[in-house]
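A quick write-up on the structure given underneath.
The values are calculated or read from the model by the stated rules, or taken from the named source; none is laboratory data. Everything quoted here is computed from the prediction, not taken from an experiment. Heads up, the Cβs are rebuilt from the backbone with ideal geometry, glycines too, and the neighbour counts pull from every protein chain shown. Remember, those area values only see protein heavy atoms, side chains included, never the ligands or the DNA or RNA. Shrake-Rupley method; radii C 1.70, N 1.55, O 1.52, S 1.80 Å.
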Amino acid sequence: MDSSRIDKLLEKYWEGETSLEEEKELKDYFASGEVEARFNSVAPLFNYYKEEANVGLDTFFDERMIAKLEKTETKRKVQKPGRMVELFSNIAKVAAVGLIVIVAGYFIRQEMKKDEIKPYLTDTFDDPQKAFEETKKALELISRNFNKGRKEAKKITTFNEAQEKVKSENQL
Amino acid sequence: MSLEAFKTRVLPVKDKLYRFAFKMLGDSEEAHDTVQEVMIKVWNKRDEMAQLENMEAWCMRITRNLSLDKLKSKKRKLTDSLEDSFEISQGEDLTPYRTVEMDDTMKNIGLMIAALPAKQKQIIQLRDVEGYSYKEIGDIMEIDMSQVKVNLFRARQAVKESILNINSYGLQ
């Protein structure tokens, strides 16, 4: 092969501008055995690449691989009914959650209905006499407590009066 | 997708997935496990796969993400275990099922590429070893095309520089 073409291709190669065909051309040239002495430093590189492409797995790999794949395949087939059961159990889970939500919703609605009944409209006593007594009791309780409070408040007014007196005397 | 279709469409990608996972994880055992996990994932999602335009890139993306997850959990587990981190950077276990022995220069190149920043290392692997287009690399790495180009350029510049170094110090 024309060695000036190899020069050109090599230059392109180092710049990373060669096409795959051109790279193959280089590899073929350096493997041909008729390499010019000035390429002696570069030739081993291309021969290395060519050699590297021959590295491979041992010949028994295929058999082992296929045996393995067939094994996983049979496992899968065996598992198929299991998958269906799994699907149903998933559906059952969803259904159970749905049921709980519906039941809970029903009870919550019942509770809300109870709350809607306004408390001051419902009667607590049937007998008006009894109701009157109860009301009286309640009012008495309130008035008793109210009076207690007023007693305490009276003390404060004495203080106020005293303060007023002191003020007026000071002004005099 | 039937098992037959899986055999013809997905299984042939296994070596590419393995190489990518291996480059990221630096451990052939873990890369092997990762590819298995990817295959199982793909198998479980095979119904979605019918709509995919580029299934291979999709598988590569899953591989990348799984590898990243593994790296993360590894970092958590072995924060200060020097021995283990050594194992990653040492080139002894670099290529487990290699057909041809590499010479020292090629081994050195491998070590140098392994020492590149993660993004650049992955892009070199995807472009120069696997021969993916920029768009595919972008899809796999979930970055945009300009990012791919920039990182590829930087990676190639770094590779070029260290090749020149290897040469000028007479390490070849």
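Before moving on, here are some points about what is shown:
- Chain A shape via C-alpha gyration tensor axes, a/c threshold 1.5: oblate
- Inter-label distance, A:Met84 to A:Lys136: 8.2 nm, where each label sits 7 Å from its Cα along the C-beta direction.
- Remark: spin-label model distance B:Ser133-B:Lys160 equals 2.6 nm, labels positioned 7 Å along the Cα→Cβ axis.
- Computed from protein heavy atoms with a 1.4 Å probe, the total accessible area buried between A and B is close to 4000 Å².
- Gyration tensor verdict on the stretch A:3-52 (Cα atoms; rounded if a/c is under 1.5, prolate if a/b is larger than b/c, oblate otherwise): oblate
- Only helices enter this figure: runs of n ≥ 4 DSSP H residues, each worth -39500 (n - 2.57), summed and divided by the residues of chain A, yield -28000 deg cm²/dmol at 222 nm to the nearest 500.
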